[in-house]
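The structure appears right after this line, and notes come after that.
The values are calculated or read from the model by the stated rules, or taken from the named source; none is laboratory data. Bear in mind that the values here come from a model prediction, so they are computed numbers and not experimental data. Don't worry about glycine lacking a Cβ; one is built from the backbone with ideal geometry, like all the others, and counts go over all protein chains shown. Just the protein is used for accessible areas: all its heavy atoms, side chains included, with ligands, DNA and RNA removed. Shrake-Rupley method; radii C 1.70, N 1.55, O 1.52, S 1.80 Å.
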Amino acid sequence: MTMRQKKSVAGLTLGMGLAGLLLVATGVAARSAMQVVRIEVVIEQMTFRAPDAGNPTSMVDNPTLRVRTGQTVEIVLRSLDPGMKHDLLIPDLDLRADAVSDGETSTLRFTAPRPGTYTYLCSMHPKLMRGELVVTE
């Protein structure tokens, strides 16, 4: 192999190495993006509501929210409850979404903790507005 061919082979190898790194980096970014779980919770008539997993055209009142340990979770709280203020807190995890009024949204972002069942509630209406966040492995 001549010196010129060696340089060409080395350049090709380097080029393929960079392309390979780019593919690996892109795969890592894609996997990280897939780890974000976005849950939209609508507040209507003093109730948390979310789409039914089995029937997305139907809503479930005070739903059980399910995530996996280590996932980045975004709970988007949207109020459609005129004249009322609501928030969402998960006391055992010391997490709280900002209070919202009719037409407003608030996002609570966190990393899902160890497996367990955690109560979420509205601090202003805790008897009517409460559900569970279930974290699994």
Could you tell me whether any residue of segment 61-81 is acidic (D, E) and open to solvent by 40 Å² or more (accessible area, probe 1.4 Å)?
yes
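Take the conditions open to solvent by less than 20 Å² (accessible area, probe 1.4 Å), more than 16 Å from the chain's Cα centre (by Cα) and either under 21 Å from V36 (Cβ atoms) or among the basic types (K, R) (or both) and apply them to G116. Does it pass?
no
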Just give me the residues in segment 86-103 being open to solvent by less than 40 Å² (accessible area, probe 1.4 Å) and over 18 Å from the mean Cα position of the chain (by Cα), in sequence order.
H86, V100, S101
Name, by its number, the condition in (1) closer than 27 Å to P115 by Cβ; (2) at pLDDT below 95; (3) open to solvent by 80 Å² or more (accessible area, probe 1.4 Å) that does not hold for R38.
(2)
Is it the case that some residue within segment 55-62 is under 13 Å from V41 (Cα atoms) and touching a residue at least 60 places away in the same chain (Cβ under 8 Å)?
yes
Considering only strands (runs of 3 or more DSSP E) fully contained in segment 40-137, which possess at least 1 residues that are of a type in the set (G, A, S) and in contact with a Lys or Arg (Cβ under 6 Å, 6 or more places away or on another chain)?
95-100
